[in-house]
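Colleague: One structure follows; several queries about it will come next.
The values are calculated or read from the model by the stated rules, or taken from the named source; none is laboratory data. Because the structure is a prediction, the values reported are computed rather than measured. Virtual Cβ from ideal backbone geometry, glycine too; neighbours counted across all protein chains shown. Note: accessible area is taken over every heavy atom of the protein model, side chains too, but ligands, DNA and RNA are not part of it. Shrake-Rupley method; radii C 1.70, N 1.55, O 1.52, S 1.80 Å.
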Amino acid sequence: MENNILIGRMLIDAGVINSEQLQAGLAEQKKSHEFICTTLVKLGLAPEEKIFNVLSRQLNIPYIRVNRVGIEPSVIRMVPAKFAIHYKIMPFEFKNNTLTIAMADPLDIRTLDNMRLLLGVEVKSALSGEPEIIDAIRRYYGLGADTLEKIMDKNGEVKESTPGGQKIEELEGLTEDASVVKFVNEILSEAIKNHATDIHLEPFQDELRTRFRIDGILYDINTPKDIKYLYASMVSRIKIMANLNIAERRLPQDGRIKIRISEGELDLRISTLPTAFGEAVHIRILSSRFFLELEKLGLFPDDLEIIEQAIKKPHGIIFVTGPTGSGKSTTLYASLSRINSSGIKIITVEDPIEYQLRGVNQLQVNPQIGFTFANALRHMLRHDPDVMMVGEVRDSETAEIAIRSALTGHLVFSTLHTNDAAGAIARLIDMGIEPFLVSSSLECLVAQRLVRLICPKCKVAAKPDDEVLRQIENEVKSDSKIEIYEGKGCQDCRFTGYSGRTGIYEILTITEPIRELILKRASTQQIKQKAIADGMHTLRQDGLQKVFSGITTFAEVMRVAQEEKFSK
C-alpha cells in the first residue's frame with residue numbers, strides 16, 4: 001500500500017493525475033489488489049506511456065515496450081513459464097550474469113528477491129505495462145505453457161497420447177483430467193478474447209499447429225511443442241463436450257457446444273477430419289448476441305434502399321453471391337430479421353443453422369436420411385410460407401424448385417457461389433434452368449465480400465503513391481480532396497492496423513432491359529456492362545468508396561476484389 005501511495009504522489013507531482021484521481025485509483029486497487037499504475041490505466045485516468053515515462057525518470061529504471069522487441073530463446077528458457085505467469089514478469093535480457101526482467105511494479109522487491117533465489121543469478125527490473133507482459137508471455141512461452149509444466153511436474157514427463165496406442169477407457173479418463181480440461185478452456189478463452197471466428201487445430205508429424213481466424217485472416221498461435229503429446233486427449237475432450245463419438249477416428253464428425261461467458265452465450269460448431277497424423281479439429285465460434293440489422297452491414301444509403309425495396313416485394317427470388325466466408329448468411333439473416341413479423345410466415349432450410357431467429361421455422365438438412373435442400377423445399381411449400389430461405393443452391397433440382405416457388409407467389413432468399421452479381425445468371429442457366437424462368441423470377445442479385453476496418457485506436461492519415469490516387473480518382477466521384485487513412489498498428493489490433501470487418505457490395509437490380517438480355521442468353525459481361533451503364537457500381541468501386549470514406553485501406557480492397565475489371 002505504501003508503494004502505491006508513493007508512486008501516486010510521484011504522478012501527482014508530475015501532473016499526470018490529480019489527488020481525486022489517485023483516491024479513485026486507490027479505492028479500486030483495494031478491490032483488485034493490482035499495481036496502482038495498472039489500475040489507473042484500466043480506469044482510463046491516465047495513459048500508460050505517460051505514467052511509465054514519469055516512473056522511469058523518477059526511479060531511474062528503463063521503460064521498455066516488451067511487445068515490440070525480440071527476445072532471445074536462451075533468455076526465455078532461464079525463467080520457467082510457471083514463474084513468469086505467477087509473478088507476471090517477462091525475462092528480457094541477460095548480460096554480465098544479470099537477468100533483466102520486465103515487470104509492471106518496479107518496487108516489488110519481494111518478487112526480485114524470489115527470482116534471485118530461484119534462478120541463482122542477479123536480477124534487475126525494467127518497467128513495462130501488465131497487458132504487454134501477459135501478451136508477451138503467451139507469445140514467447142506459448143498458450144497454456146504453465147498447464148503443460150504442471151502436468152510434467154506431476155507425472156515427471158509427458159507421455160504421448162496417440163489415438164492408436166490408447167484404449168477408449170484411458171482416453172475417457174484423460175479427458176476429465178483437470179489439466180487437459182484447463183488447456184482446452186485456455187484455447188477457447190484466448191480465441192474469444194481475440195474475437196476470433198474460427199479455431200484450427202491441425203496435427204502434423206512433428207508438431208501441433210494452432211491457428212485463429214481473426215477478421216478473416218489466419219494467425220498462428222504459439223503453443224508449447226510438447227503439447228502435441230496431449231493432442232489425442234484434447235480431441236477426445238472436445239468430442240465429449242460436443243456429444244461426438246470418441247471411438248470413431250476414421251470418419252469426419254460434426255457437433256455443437258454451447259458455452260457461457262461473462263458477456264452471454266456462445267455456440268461452437270465443431271468439425272473433425274481424419275488426417276495422416278490424427279484428427280484435425282475446426283471450431284467455428286458463433287455469438288448468440290449477433291446483430292441482425294441491415295444498417296450495420298456496411299451498406300451505403302442508396303444500396304440499403306435498394307435492398308429494402310427488394311426484400312419487401314411479395315414474390316420473386318433474391319440471390320446473395322460470393323465465396324465461403326464472405327458474409328452471405330449474415331446478409332440473409334439481417335434481411336429476414338427486417339421483414340420478420342407476426343403477419344408473415346417464414347421457413348428456412350439451412351446447412352447448418354448458424355443463428356436462431358425468433359418466430360422463424362428453421363430446418364436443418366440431413367442428406368444421410370434423404371432430407372436434402374430439394375426435398376425440404378417440396379415439404380416447405382405444403383406449409384403455406386410467405387417467405388422461404390434456402391441456405392445454398394447447389395444443384396439444378398434445388399434451383400428449379402426455388403425459382404418455381406418464386407413464380408408461384410413466394411419471396412425466396414438464397415445464395416450462390418459466383419464471383420460477381422451478373423455471374424449468378426450464367427450459373428443458373430448452366431444448371432439447366434431455362435432463361436425465361438430465370439428472367440421471370442429474379443428480382444435482385446447481391447455480390448459481396450468482407451474487408452477489414454482500419455483500427456480506430458491507431459488510425460492515421462496515409463500518403464498514397466500517385467498510382468493509388470489515380471485509381472481512386474477514376475472510380476470515386478467527389479468534388480472534395482481525396483484523403484485516405486491507414487492503421488499504424490497498436491496493441492488493440494495486434495499491430496495489424498485493422499480491427500473488425502464490414503462488407504463491400506455489388507447490387508444488380510433486375511430491370512426490364514436486363515430481363516431481355518437474360519432471355520437472349522447474353523453473356524455475363526454484356527449483362528454487367530448494361531447494369532453499370534444503368535448505375536450499378538462494382539465490388540471494387542464500392543470498396544474504393546469506403547477507402548475514400550476512411551473506413552478501410554486501398555490494399556485491403558485490392559486483396560478481396562482484385563479480380564474486378566472495370567467497364568466505364
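Colleague: Suppose we filter I85, I61, I51 for residues that are of a type outside the set (S, T, Y), outside any helix (DSSP H, G or I) and in contact (Cβ under 8 Å) with a residue 40 or more places away in the chain; which single one remains?
Modeller: I61
Residues are listed down the side, and each one gets a yes or a no for (1) out of contact with any strand residue (DSSP E or B) (no Cβ under 9 Å at 6 or more places or on another chain); (2) not basic (K, R):
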{"position": "E400", "(1), (2)": "yes, yes"}
{"position": "T408", "(1), (2)": "yes, yes"}
{"position": "L416", "(1), (2)": "no, yes"}
{"position": "D420", "(1), (2)": "no, yes"}
{"position": "L428", "(1), (2)": "no, yes"}
{"position": "G432", "(1), (2)": "yes, yes"}
{"position": "L445", "(1), (2)": "no, yes"}
{"position": "R452", "(1), (2)": "no, no"}
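Colleague: Sort out which residues of the range 9-48 are in contact (Cβ under 8 Å) with a residue 40 or more places away in the chain, assigned to a helix (DSSP H, G or I) and over 22 Å from C490 (Cα atoms), and write them in order of number.
Modeller: Of everything in the range 9-48, those that are in contact (Cβ under 8 Å) with a residue 40 or more places away in the chain, assigned to a helix (DSSP H, G or I) and over 22 Å from C490 (Cα atoms) turn out to be M10, L11.
Yes/no per residue for (1) at negative phi; (2) hydrophobic (A, V, I, L, M, F, W, C); (3) open to solvent by 60 Å² or more (accessible area, probe 1.4 Å); (4) in contact with a strand residue (DSSP E or B) (Cβ under 8 Å, 6 or more places away or on another chain):
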| residue | (1), (2), (3), (4) |
| --- | --- |
| S326 | yes, no, no, yes |
| S342 | yes, no, yes, no |
| E350 | yes, no, no, yes |
| L377 | yes, yes, no, yes |
| M388 | yes, yes, no, yes |
| E392 | yes, no, no, yes |
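Colleague: Determine if the range 462-473 includes at least one residue that is in contact with a Phe, Trp or Tyr (Cβ under 9 Å, 6 or more places away or on another chain) and small (G, A, S).
Modeller: Yes, the conditions are met somewhere in the range 462-473.
Colleague: Does the range 444-464 contain any residue that is assigned to a helix (DSSP H, G or I) and of a type outside the set (K, R)?
Modeller: No, the range 444-464 has no match at all.
Colleague: Find all pairs meeting these conditions: Cβ atoms under 6 angstrom apart; at least six residues apart or on different chains; first residue within the range 523-551 and farther than 20 Å from V451 by Cα and polar (S, T, N, Q); second residue part of a helix (DSSP H, G or I) and at pLDDT 90 or above.
Modeller: T524/G423; T524/A426
Colleague: Considering only residues that are surrounded by fewer than 20 Cβ atoms within 10 Å (Cβ to Cβ) and either in a helix (DSSP H, G or I) or touching a Lys or Arg at 6+ places or on another chain (Cβ under 6 Å) (or both), which ones fall in the range 428-442?
Modeller: I429, D430, P435, F436, L437, S439, S440, listed by residue number.
Colleague: Quick check on E397: is it under 30 Å from Q525 (Cβ atoms) and either touching a Cys at 6+ places or on another chain (Cβ under 8 Å) or part of a helix (DSSP H, G or I) (or both)?
Modeller: yes
Colleague: Another question, then. Considering only residues that are within 15 Å of L266 (Cα to Cα) and β-branched (V, I, T), which ones fall in the range 180-237?
Modeller: Scanning the range 180-237 gives I187, I192, T197, I199.
Colleague: A follow-up question, please. Would you call Y355 open to solvent by less than 40 Å² (accessible area, probe 1.4 Å) and either in contact with a helix residue (DSSP H, G or I) (Cβ under 8 Å, 6 or more places away or on another chain) or in a loop (DSSP other than H, G, I, E, B) (or both)?
Modeller: Considered against the rule, which asks whether it is open to solvent by less than 40 Å² (accessible area, probe 1.4 Å) and either in contact with a helix residue (DSSP H, G or I) (Cβ under 8 Å, 6 or more places away or on another chain) or in a loop (DSSP other than H, G, I, E, B) (or both), Y355 comes out as yes.
Colleague: Let me ask you something else. Pick from the range 109-132 the residues that are open to solvent by 40 Å² or more (accessible area, probe 1.4 Å) and touching a Ser or Thr at 6+ places or on another chain (Cβ under 9 Å): which of them is farthest from N4 (Cα to Cα)?
Modeller: E122
Colleague: Follow-up question, since we're still on this one. Taking the condition under 30 Å from L143 (Cβ atoms), surrounded by 15 or more Cβ atoms within 10 Å (Cβ to Cβ) and either of a type in the set (V, I, T) or modelled with pLDDT under 85 (or both), does P106 pass?
Modeller: Considered against the rule, which asks whether it is under 30 Å from L143 (Cβ atoms), surrounded by 15 or more Cβ atoms within 10 Å (Cβ to Cβ) and either of a type in the set (V, I, T) or modelled with pLDDT under 85 (or both), P106 comes out as yes.
Colleague: Being under 22 Å from I89 (Cα atoms) and either surrounded by fewer than 18 Cβ atoms within 10 Å (Cβ to Cβ) or touching a Pro at 6+ places or on another chain (Cβ under 8 Å) (or both) is the filter here, so list the residues in the range 6-24 that pass it.
Modeller: Matches in the range 6-24: L6 only.
Colleague: Determine if the range 296-314 includes at least one residue that is modelled with pLDDT under 90 and surrounded by fewer than 18 Cβ atoms within 10 Å (Cβ to Cβ).
Modeller: yes
Colleague: Further, regarding this structure: I need the full set of residues from the range 25-49 which are surrounded by 15 or more Cβ atoms within 10 Å (Cβ to Cβ) and either among the charged types (D, E, K, R) or touching a Ser or Thr at 6+ places or on another chain (Cβ under 9 Å) (or both), in order please.
Modeller: G25, L26, E28, Q29, E34, T38, T39, K42, L45, E48
Colleague: Would you call I259 assigned to a helix (DSSP H, G or I), modelled with pLDDT under 95 and of a type in the set (A, V, I, L, M, F, W, C)?
Modeller: So I259 does not fit the description; no.
Colleague: Evaluate the following for I504: is it surrounded by 14 or more Cβ atoms within 10 Å (Cβ to Cβ), in contact (Cβ under 8 Å) with a residue 24 or more places away in the chain and in contact with a helix residue (DSSP H, G or I) (Cβ under 9 Å, 6 or more places away or on another chain)?
Modeller: Criteria met by I504.
Colleague: Moving on to the next point. Could you list, in sequence order, all residues of the range 188-206 that are at pLDDT below 90 and more than 14 Å from the chain's Cα centre (by Cα)?
Modeller: Result: Q205, D206.
Colleague: Return the only residue of R209, R237 being among the basic types (K, R) and either in a helix (DSSP H, G or I) or modelled with pLDDT under 65 (or both).
Modeller: Of R209, R237, the one residue that is among the basic types (K, R) and either in a helix (DSSP H, G or I) or modelled with pLDDT under 65 (or both) is R237.
Colleague: Only residues that are crowded, with 16+ Cβ neighbours inside 10 Å, in contact with a Leu (Cβ under 9 Å, 6 or more places away or on another chain) and either at pLDDT 80 or above or part of a loop (DSSP other than H, G, I, E, B) (or both): list them for the range 465-486, please.
Modeller: V476, I484
Residues are listed down the side, and each one gets a yes or a no for (1) open to solvent by less than 50 Å² (accessible area, probe 1.4 Å); (2) under 30 Å from L437 (Cα atoms); (3) touching a Ser or Thr at 6+ places or on another chain (Cβ under 8 Å); (4) at pLDDT below 90:
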| residue | (1), (2), (3), (4) |
| --- | --- |
| K463 | no, no, no, yes |
| Q491 | no, no, no, yes |
| L508 | yes, yes, no, no |
| V547 | yes, no, yes, no |
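Colleague: Now for a different question. For the range 340-358, how many residues meet the condition of being in contact with a Lys or Arg (Cβ under 9 Å, 6 or more places away or on another chain) and more than 26 Å from I283 (Cβ to Cβ)?
Modeller: Total satisfying the criteria: 1.
Colleague: Against the definition (assigned to a helix (DSSP H, G or I) and touching a helix residue (DSSP H, G or I) at 6+ places or on another chain (Cβ under 9 Å)), how does M115 come out, yes or no?
Modeller: Here the answer is yes, as M115 does meet what is asked.
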